[in-house]
Every structure is written in C-alpha cells, then in structure tokens.
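The values are calculated or read from the model by the stated rules, or taken from the named source; none is laboratory data. This structure is a prediction, so every number in the text was calculated from the model and none was measured. Every residue, glycine among them, receives a Cβ derived from its backbone with ideal geometry; neighbour counts consider all protein chains shown. Accessible surface areas use protein heavy atoms only, side chains included; no ligands, DNA or RNA. Shrake-Rupley method; radii C 1.70, N 1.55, O 1.52, S 1.80 Å.
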Amino acid sequence: CTVCITALMFTPTPQSMGWVMVVVISTAVHGTGYGLPTVSPNLHKEVVWSKNGAGQVGTVTTTCETAGVPAPVNPALVGYNLEAYGTMMLNTFTDTAFIAAIDALHPGALRYPGGTMSNVWDLTKGQYVPNVTSFGFNWATTPGYTKFVPFAKKINAAPVGTYSAESFVNALKGKVSTVIWDLNIYSLNVTEACAQIAEVARLHASKAGSNSPLYLEFGNELNFGSQGLPRFPTAEVYITAMKPIAECARDLAGPAARLALLSFKGPWAEGLGKSPLLSRFDALTYHEYSPSVTEVNNMPREQQISFVAGYSRAMLRQIVQQSTSTVGRQLPIWHTEFNYGILSGSTQTFLPDLEFGALHGIFHMARILAAINSNGSVEVLQFQTLAHPVNYSYYSHTFHQEMPVIRISHEPNRPDLALVAGTGQLVAHLSHLVLTGDTTVFPLACTGGATGPTILGEVQPCIQAAAFKRPGRATYALLNICNSSATLDVDVASPSAVLDVTTYSATDPGGWAPLPTNASDLPWAAPLKPITAHAAVGAPHATLSIAPLSFSLHVITVV
C-alpha cells in the first residue's frame, strides 16, 4: 500500500481571531517493499517514488480536502456503554473509582443502562423489573435473559433508587454532557414505558439543558429472537407497538426528543422499511461486533494490523449503505454498540498480545473519525464497554465480553485499584483535547492514488483524518493504517506558535495501568508509551513525520 503526506493549513482571520482551515493537500509515496519516500520540495507538485531494486518509477498524487460543512463537535460520537456498571457490578454511581474513571476518560456521552439488561430494567427504581411481566411471560426463564438472574438478585437487594437514572445523572454532576437512554419497551407496557420517558425528560430538562437532544433508544437488540421473543416476533409487530410510546415521547419531551428504532440487516430492517410508521422516528440503531476472529487469523501477521486499523471505516460505511438500501431511505445511524468480534462461547479474540494496546484504541478512534466524516449519517457512537470488575471471580457469572476500557474493584471507593487499558488512554487523549471549549470539527477526506488494503470490498485510504479548531488552537488527528512512513508539512500563518505532536504506534501492546493522577496532563505515561515532539513554530510552515501504522495528534497553539 501507499501512504499519504498530508498538509493542513490553518490561517488566523481578523473576523474569528482564531484558526480556520484554508486548504489540505496530500501526496502519496511508497508502500510495502518500497524505499523511503522521496519528497518533492513543493508539496503542491507531484511526488515521485521508485521501487527498491526494481527500477520502476511512477507518479501518484493524493488530496485531502474538507468533506462537509464544519460543525460543533458532537459529544455523542465519543461515548461508552455502561452495561455492566450499575446493572451487574454492585459499585454505585457515587463510587469514587467510577467518578475517577469518568474524569480520566472524559467521555462525551454514556449509554444508560445499556445492553440486554435494558430490556428488563426499571430506570425509575434502578432495579430489574419483576420476573413476571404485565404481558404474562417470565423474563427470567426467557432465553437471552436467564444469565442476568443472579445479578438481578444482588442489584435489587440494594435500596430503591441506588442505580436509578436520577442517581446516575446526579452523580455525574454535568461531567458528561450527553446520555443515550436505552429504554425498556420489552417488559414494560405502554403506561410503564411512558413513565420512564417522563422521568428521563424531567432529568434532561433539569440537568442537561434544553439545547441538547434527548436521545431515546427504543430497546436493545430485540431483532434477535433470544431478546425479542415472545413480544416481538417481527419488525412489523415491534414498530406497531412503538407507535403509542413514540407519541407520548413527543408529548413529554417535545422537539428535543430524538427517537431511534432498532435496526439490523436482513428481514428485520426490510420490515421497518415497509411500515408507514417509520416516518415517526428520527434514527436507526445498529450494533456490530467484528471483524471475526477467523477472518483476522486467516491473514498473515504482517497484514493483520493494517486490516484491523482500517476496518472501522469500512464497516461504518457499509452499515450506512446497508441501512439505506435495506430500509429504503436514509436515516441517521446510532451505532450504540461496537467492538472486536469474539469466538462464540468464549472471550478469545484476535491478536491477543495487542488486545489492550494501541491497536484496539486505533480501532475505536478510526470509528470516531469515520463517524465525523459521515456528514451526519452517523449521529451516535458508543464503544462497548466502559467498565468491568477487576476481580471476575467475585461474580457468579462471567461477562459475555471482557474487553472494557476500565477495570474497577468490587471494593467500594477504591480509585487506587482502578485500571485503564491502552484502548481508553488513546481515545481519552482526543476527548480531553476536543470536548472542551468552543471546538469546531472539520471532516476530511483523503482520496486519489494513496491507498491502503481492500476491506469489505472497498479500497481504504492510508490516511484517515479530521481536524478540530477553537480560538487560538488547531488540533488535527491523522490515522495511518499503512506500513509506510510519511512526512507531514503544516503551514503556520502565525509568526509565533508551538506545535505538540503525540504518536501512538499500533504495535504498542499497552496493557493495564492505574488511572493517571492528573488526567488532563496529556499524554499519559501509561499503559501506552507514546512518542512526543514539541517545537516552537511560525510562518511559513513546520515539517514532521508520521510513523507507519500509527495514530497521531498534532496541536498548534498560538502563543
């Protein structure tokens, strides 16, 4: 594959007194088996590369350009599922380890309660609903839910309200701007479901402010028989049952409400598309756990890292395309669960030596960049999952997926025992940089001769990028999924600025480390070992390098 040389130019204007992106130029150089890049003195011209020993010479030019209208950063694209926390783990939302984890990760959004248990959860009480529902079936004996019975006994033994939506919001104290409310419309009837909407609408109005959307997700994976039966044998039955609940949501929350239906590929999505009721909803949810272990393991080791790093962009684009073609119209996607694929019945995944390292963080970061560059096609993005316990043996049932970004001790209020994975460290770096202040994001698309591996039938660009600006500071993120180095030329119009660069190598194994003492002191020293560079810069430009198979953050600050 080839690799991009990207030039991002930021110029301060008298109108903004900040930074705006003027132009982005990129050229392509050598790929695997090729020599070090030979860079033309003028990046506006072509770059020539030659293959080592082969005497072949070619010319390739690639351009990175703004690919949409700049907009405020959407915090819902940088989020996590609670899932286990508050519904399986006994730690409360006021636990100092939980608060420390939120401070460290600095997420833009959290999904409450998140996951399968949402379908049997009463968010007003913060407890599992009674086993026998008002529909007459016993959820505790229904396939897909029996594994939560041991957790239900422990959670429901706590005082009513301990794990409620109100306790959750109050504990956060505004630390997270956005909540994705995963509603129980499976085991609660219309009256009960509307009561929970009334509760979250009240919390939204009092805590979140009227300017932010109220995200209401209508159930979790009810398209799967193990979770949807006996109530929802088809999508048609499901969407018909959602009609009165959607009506009360509009009445209770007004225009702030964003309503998302469960979607998936195949007959379920086709059924939604045939219903005239679809127009009552704003978005479709989609979950995806891939690539599969077999898919990655069948590749040579030298190709696996590039494939995993580039997979998120390909998959998210496929989800958007499949949803539009299957449902028959384009609705924004809420990608409310995603992570690596695992072997059925196990916790085994691919590249186990890098499972909690930078590559896993790059996999997450690439999905964020792809969502930003979707120009609104992806509205919500939530990684699976936030936290699991440090000591699994304390629990009577193993977790279905053991790839969290945080591990918290079951002992209450022990932030000193909490651990963060390299996955969380890398994404937290971006969160701290762009989810503060008045930040605008610029979607970027890199096209042309610079290409990476073919994934899901589409050739991927080596460089995947987005840029962020706020008054006096420009931050841009570059993901290099190719096994080649690149030179980055950044034009600086200000006579006095500083440039800080942090590079995370995809081969950094990371692991687990204690939470940082000061999470805003970037980059963190562990568990990943990023490479940093700092320099005083000024007009006309600064030149730096991008390592092969890496994610790097470049921050220009006016001084």
- Hey, does segment 166-175 have a residue that's open to solvent by less than 70 Å² (accessible area, probe 1.4 Å) and outside any helix (DSSP H, G or I)? yes
- Item | Subset of segment 410-460 [more than 19 Å from the chain's Cα centre (by Cα) and over 30 Å from Q321 (Cβ atoms)] | H410, E411, P412, N413, R414, P415, D416, L417, A418, L419, G437, D438
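One line per residue, one yes/no per condition, for (1) of a type in the set (G, A, S); (2) under 30 Å from V378 (Cβ atoms):
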position	(1), (2)
A76	yes, yes
M88	no, yes
F93	no, yes
P107	no, yes
S118	yes, yes
W121	no, yes
V149	no, no
K154	no, no
T162	no, no
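Residues of segment 89-124 being open to solvent by 10 Å² or more (accessible area, probe 1.4 Å) and either of a type in the set (A, V, I, L, M) or in a strand (DSSP E or B) (or both), which ones? First the steps, then the outcome.
Restricting attention to segment 89-124, the residues satisfying the condition of being open to solvent by 10 Å² or more (accessible area, probe 1.4 Å) are 90, 92, 94, 96, 99-100, 103, 106, 116, 122, 124.
Matches in segment 89-124: L90, I99, A100, D122.
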- Scope segment 309-332; condition in contact with a helix residue (DSSP H, G or I) (Cβ under 6 Å, 6 or more places away or on another chain) and within 26 Å of L478 (Cβ to Cβ); matching residues: A309, S312, R313, L316
- Scan segment 138-147 for residues that are open to solvent by 10 Å² or more (accessible area, probe 1.4 Å) and in contact (Cβ under 8 Å) with a residue 24 or more places away in the chain and jot them down. T142, P143, G144, K147
- Task: Tell me which residues, restricted to segment 312-346, are touching a Lys or Arg at 6+ places or on another chain (Cβ under 7 Å) and more than 17 Å from P267 (Cα to Cα).
- Result: S312, L316, T336, F338
- Item | Filter result (in contact with a Lys or Arg (Cβ under 9 Å, 6 or more places away or on another chain) and of a type in the set (S, T, Y)) within segment 99-117 | T116
- Message: I need every pair where a residue in segment 503-531 that is crowded, with 19+ Cβ neighbours inside 10 Å has its Cβ under 7 Å from the Cβ of a residue that is basic (K, R), sequence separation at least 6 or different chains.
- Response: D508/K529
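Please go through segment 185-209 and give me each residue that is within 17 Å of W139 (Cα to Cα) and open to solvent by less than 40 Å² (accessible area, probe 1.4 Å), ordered by number. If you could, list the steps in order and put the result at the bottom.
Step one: filter segment 185-209 for residues within 17 Å of W139 (Cα to Cα), giving 185-189, 192-193.
Passing the criteria: I185, Y186, S187, L188, A193.
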- Message: So the check is Cβ under 7 Å with 6+ separation or different chains; which pairs have a first residue in segment 248-267 that's over 24 Å from T191 (Cβ atoms) and a second one that's assigned to a helix (DSSP H, G or I)?
- Response: S263/A269; S263/L272; S263/S323; S263/V327; K265/Q322; K265/T326
- Task: Could you please find all residues in segment 372-402 being within 18 Å of the chain's Cα centre (by Cα) and modelled with pLDDT under 65?
- Result: Q401
- Task: Filter segment 220-250 for residues that are surrounded by 19 or more Cβ atoms within 10 Å (Cβ to Cβ) and under 26 Å from the mean Cα position of the chain (by Cα) and give the result.
- Result: N220, E221, L222, N223, Q227, G228
- Task: Answer yes or no as to whether E247 is farther than 24 Å from T124 by Cβ and of a type outside the set (G, A, S).
- Result: no
- Those strands (runs of 3 or more DSSP E) lying entirely in segment 414-486 with at least 2 residues surrounded by fewer than 23 Cβ atoms within 10 Å (Cβ to Cβ): 440-448, 473-480
- Is there a residue being touching a residue at least 24 places away in the same chain (Cβ under 8 Å), touching a strand residue (DSSP E or B) at 6+ places or on another chain (Cβ under 7 Å) and of a type in the set (S, T, Y) anywhere in segment 213-226? yes
- Inspect segment 138-148 for any residue being modelled with pLDDT under 95 and under 25 Å from I406 (Cβ atoms) and give the result as yes or no. yes
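Return the total of residues in segment 491-517 being part of a loop (DSSP other than H, G, I, E, B), among the β-branched types (V, I, T) and farther than 24 Å from I99 by Cβ.
Quick first cut of segment 491-517, residues part of a loop (DSSP other than H, G, I, E, B) only: 493-496, 506-511, 515-517.
Checking which are among the β-branched types (V, I, T) leaves us with 507, 517.
Remaining after also requiring farther than 24 Å from I99 by Cβ: 507.
So the answer is 1.
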